[in-house]
Amino acid sequence: MKVFRLMLVPMLLLGVLSSPLIAQAQNPKGWSPQAKGAVIGGLGGAAAGAIINKRNRPVGGVVGGVVGAGAGYAIGKHIDNKQKQRAAAARAAEANAYQSSYRSEGTRSSARRSSGKHTAAAGMALAATAPTQAEALNAGYLPNPTTGPAAAAYPESEYRRKSW
Amino acid sequence: MKYLPGLVLSVALLAACTSTKTADAVNVQALNQQFVGAWNAKNTTQLDTLLADDVQFVQGATHFSGKAEVADKWIRATQNSIANLKTSTLSTATDANMAYEAGTFSVDVLPEDPRQPRGTGAGNFILLWKKAKNNAWKLSYAQLEDLPVQVQR
């Protein structure tokens, strides 16, 4: 009987803590850091509370479990925020790298054209050799003129881009 | 009867208040329709009047500043090479002194070389209008971003 009473609290805790499992059924990637923290904190806190409170172990377990779950959730949220920040910074860095490579393409491509070397370039725009009008038309685009307002807006593009 | 002049005065004041409020809100859709219509009609004089004195125009590597430069290097330089300009607004807002429309545009392109086929150009735009000192609305900032012009099929 006493064993049953001792086991009651941990089983209740397990029931309460398994609800994140059900919630995570919708998140196929697994547990969020908050949920993991709450579970670990709850279990550890319950064990510690039961050990510390010699007079009334079940109550000690419950109190320890609640405090541990709260602390574990807070730590998990902190880890989650850090992860999200890192992901956002990585995306921003990627976007910046793409932007700067696109802009520097303009200065680099003119140098490559004069040297006559042929190098692979990102996007359709940058053939190092002077593009022929027939090539552009075959590809389905109008060729970029060499002079005039249409050439000034997108000078490094093989195809005409300026329309309006 | 005593209160009639006071009543009439207060009603008149209220009416005046509401009428100035509606006059402040500009119909930016109408402004841009006027602008696009003038482009399609090749009405350069009207386009000139719609530009602010400190208008800025950016497109790709070009940046034209001021009414004279924008009227010369954008409007007059481009208007003979395009036809059938259409805009599709994705975002718009109006304020007391500023209004904008932004979205995508499509246009027919007539190449300088008559042996080349006609093209279809598309891209993104933002037209920002500001209220000038004489309460007229003028185009203050225009930014265009073009995609490669495809051969018209």
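The values are calculated or read from the model by the stated rules, or taken from the named source; none is laboratory data. From a predicted model like this one, the values you see are computed outputs, not experimental measurements. Methodologically, a virtual Cβ is constructed for each residue, glycine included, from the backbone with ideal geometry; neighbour enumeration extends over all protein chains shown. We work out accessible area using only protein heavy atoms, side chains counted, and drop any ligands, DNA or RNA first. Shrake-Rupley method; radii C 1.70, N 1.55, O 1.52, S 1.80 Å.
Give all pairs with beta carbons closer than 6 Å in which a residue from segment A:72-96 that is farther than 23 Å from A:Lys36 by Cβ and among the polar types (S, T, N, Q) meets a residue that is at pLDDT below 95 and not in a helix (DSSP H, G or I); count only pairs at least 6 apart in sequence or on separate chains.
none
Here's a check for you: in segment A:136-146, which residue that is part of a loop (DSSP other than H, G, I, E, B) and facing chain B (nearest Cβ under 7 Å) is surrounded by the most Cβ atoms within 10 Å (Cβ to Cβ)? Don't jump to the end; show me each part of the working.
Going residue by residue through segment A:136-146, those that are part of a loop (DSSP other than H, G, I, E, B) are A:140, A:142, A:144-146.
Of the ones still in play, those that are also facing chain B (nearest Cβ under 7 Å) are A:140, A:142, A:145.
On the way: A:Gly140: 12, A:Leu142: 27, A:Pro145: 17.
Filtering first and then ranking leaves A:Leu142.
From the set of residues in segment B:30-71 that are among the β-branched types (Val, Ile, Thr) and open to solvent by less than 50 Å² (accessible area, probe 1.4 Å), which is nearest to the other protein chains (Cβ to nearest Cβ)?
B:Thr62
Within segment B:53-87, take every residue that is touching a residue at least 12 places away in the same chain (Cβ under 8 Å) and among the small types (Gly, Ala, Ser) and give me the one that is nearest to B:Leu128 (Cα to Cα).
B:Gly66
Which is closer than 23 Å to B:Asp53 by Cβ, touching a residue at least 24 places away in the same chain (Cβ under 8 Å) and more than 13 Å from every other protein chain (Cβ to nearest Cβ), of B:Ala136, B:Ala132?
Values: B:Ala136 fails: touching a residue at least 24 places away in the same chain (Cβ under 8 Å).
It is B:Ala132.
Condition check: under 26 Å from A:Gln133 (Cα atoms), within 14 Å of the chain's Cα centre (by Cα), assigned to a strand (DSSP E or B) and not polar (S, T, N, Q). Does B:Leu139 satisfy that?
For B:Leu139, the condition - under 26 Å from A:Gln133 (Cα atoms), within 14 Å of the chain's Cα centre (by Cα), assigned to a strand (DSSP E or B) and not polar (S, T, N, Q) - is not met.
Mind checking which residues of segment B:121-136 are in a strand (DSSP E or B) and touching a Lys or Arg at 6+ places or on another chain (Cβ under 7 Å)?
Answer for segment B:121-136, where residues must be in a strand (DSSP E or B) and touching a Lys or Arg at 6+ places or on another chain (Cβ under 7 Å): B:Trp129, B:Lys130.
Select from segment B:103-132 the residues that are among the hydrophobic types (A, V, I, L, M, F, W, C) and open to solvent by less than 20 Å² (accessible area, probe 1.4 Å) and list them in ascending order.
B:Phe105, B:Val107, B:Val109, B:Phe125, B:Leu127, B:Trp129
If I filter segment A:147-164 down to residues being in contact with a Pro (Cβ under 6 Å, 6 or more places away or on another chain) and more than 7 Å from chain B (Cβ to nearest Cβ), which single residue comes out as surrounded by the fewest Cβ atoms within 10 Å (Cβ to Cβ)?
That would be A:Ala151.
Looking only at residues in segment A:27-46 that are at pLDDT 90 or above and open to solvent by 50 Å² or more (accessible area, probe 1.4 Å), which one is nearest to A:Gly61 (Cα to Cα)?
That would be A:Leu43.
Any chance you could count how many residues in segment B:100-121 are within 7 Å of another protein chain (Cβ to nearest Cβ) and touching a strand residue (DSSP E or B) at 6+ places or on another chain (Cβ under 7 Å)?
Number satisfying all stated conditions: 6.
Which is within 14 Å of chain A (Cβ to nearest Cβ), open to solvent by less than 50 Å² (accessible area, probe 1.4 Å) and closer than 24 Å to B:Arg153 by Cα, of B:Ala83, B:Ala77? Walk me through it before giving the result.
Values: B:Ala77 fails: closer than 24 Å to B:Arg153 by Cα.
Exactly one residue qualifies, and that residue is B:Ala83.
For segment A:147-164, which positions are assigned to a loop (DSSP other than H, G, I, E, B) and more than 16 Å from B:Trp74 (Cβ to Cβ)?
Passing the criteria: A:Thr147, A:Pro155, A:Glu156, A:Ser157, A:Glu158, A:Arg160.
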